[in-house]
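The values are calculated or read from the model by the stated rules, or taken from the named source; none is laboratory data. Bear in mind that the values here come from a model prediction, so they are computed numbers and not experimental data. Methodologically, a virtual Cβ is constructed for each residue, glycine included, from the backbone with ideal geometry; neighbour enumeration extends over all protein chains shown. Only protein heavy atoms, including side chains, enter the accessible area calculation; ligands, DNA and RNA are left aside. Shrake-Rupley method; radii C 1.70, N 1.55, O 1.52, S 1.80 Å.
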Amino acid sequence: MSEKVGFIGLGIMGQGMARNLLKAGFDLTVWNRTVSKAQALVSEGAALAHNPADLSAHCDVIVICVSDTPDVEAVLLGEQGVIQGTRPGALVVDCSTISPIKTQVFARTLAEKGVHMLDAPVSGGSEGAANGTLAIMVGGAADQVQRAMPFLEAMGQTITHVGDNGSGQMVKLVNQILVVTGMLAVSEAFLFAQAGGLDLAKTLQAVEGGAAGSWTLSNRGPQIIHRDWRPGFMIDLQQKDVRLILEAADELSVPLFGISTAFHLYRTLQKRGLGAEGNHALIKALENLADIRVGSDEAAD
């Protein structure tokens, strides 16, 4: 008999990930702090839990996708947390992006109760979550990675076991360094192109198939051109990841100039109340400095 799976956290990423588990035929139970966000999945066949403890009492594998380290701690170890209802032998798969050090603490705490844990942060934006094409970087015991593989394969396309607990989170931070500095590069390039009077769509077409091509350029470039700031990943969440990177870099004594620059640019946008916009709105910070508007004049911000 296949294991029952629970999913905690139905935000921009979690909605698509949970739905793909349901589409794959798994017996799915869901919980979200804002209950209304669970209703669509319940109407599609998922069961609804009262709280994380209730969910874990009925599930063998518990997948978590929430915003930050304190949120994971609350749903895992709080008064109504997973640890209060889960049974020995259960498996927690945390797809959030959080502190690698706290991840190791959580894994040890769960292990004392006989519960296994994998840190399995994801990359690919809301598009990847919806399409089941996420990249998933997994830290934890190899036998538990194999156990989780059917669930991971329902949500992602590239699944890599990178090491012990905490390693998945470290690799995700590597991923975010590439994403954020790539977004900064795209923003600077489009600002430069706009200042030079170029046709942005033709410029994008000319460069994206060459050495400068990237997922960020191809997926977020058109949004910048059309001034479409709908989030695949919100600035507030991107900034949280940048903070995690800078904290880890400080511990490792590693200089990260691009990430530090992006942190301060994103902060100016948060001060303007733009934290819920997509991370590609980073270009607005550069527009403010240069007094240049990039993209279509017809499109509204």
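A few comments on the model shown:
- Here G232 passes the criteria (1) in contact with a helix residue (DSSP H, G or I) (Cβ under 7 Å, 6 or more places away or on another chain); (2) assigned to a helix (DSSP H, G or I) except the one numbered (2).
- Within segment 150-166, the set of residues being more than 16 Å from D94 (Cβ to Cβ) and of a type outside the set (S, T, N, Q) comprises P150, E153, A154.
- Of residues in segment 184-213 being in a loop (DSSP other than H, G, I, E, B) and either over 29 Å from the mean Cα position of the chain (by Cα) or of a type in the set (K, R) (or both), the one farthest from D291 (Cα to Cα): D199
Residues checked against (1) open to solvent by 10 Å² or more (accessible area, probe 1.4 Å); (2) under 26 Å from M234 (Cβ atoms):
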position	(1), (2)
T29	yes, no
K37	yes, yes
L41	no, yes
V61	no, no
T69	yes, yes
V72	no, yes
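- Residue in segment 153-166 that is open to solvent by less than 60 Å² (accessible area, probe 1.4 Å), in a helix (DSSP H, G or I) and under 22 Å from N20 (Cα atoms) present: yes
- Exclusive hit being part of a strand (DSSP E or B), of a type in the set (A, V, I, L, M, F, W, C) and under 23 Å from W215 (Cβ atoms), set V174, V180, V138: V138
- Test: R19 is open to solvent by 50 Å² or more (accessible area, probe 1.4 Å), among the charged types (D, E, K, R) and closer than 29 Å to E247 by Cβ: no
- Per the conditions (1) open to solvent by 10 Å² or more (accessible area, probe 1.4 Å); (2) under 18 Å from M17 (Cα atoms), the sole criterion not satisfied by S99 is (2).
- One residue stands out in segment 250-301 among those that are among the polar types (S, T, N, Q) and in a helix (DSSP H, G or I): the one that is surrounded by the most Cβ atoms within 10 Å (Cβ to Cβ), namely N279.
- Here the helices (runs of 4 or more DSSP H) wholly within segment 5-59 that include at least 1 residues being without any contact (Cβ under 8 Å) to a residue 12 or more places away in the chain are 39-43.
- Within segment 27-71, restricting attention to residues that are out of contact with any strand residue (DSSP E or B) (no Cβ under 6 Å at 6 or more places or on another chain) and of a type in the set (S, T, N, Q), the residue that is nearest to D119 (Cα to Cα) is T69.
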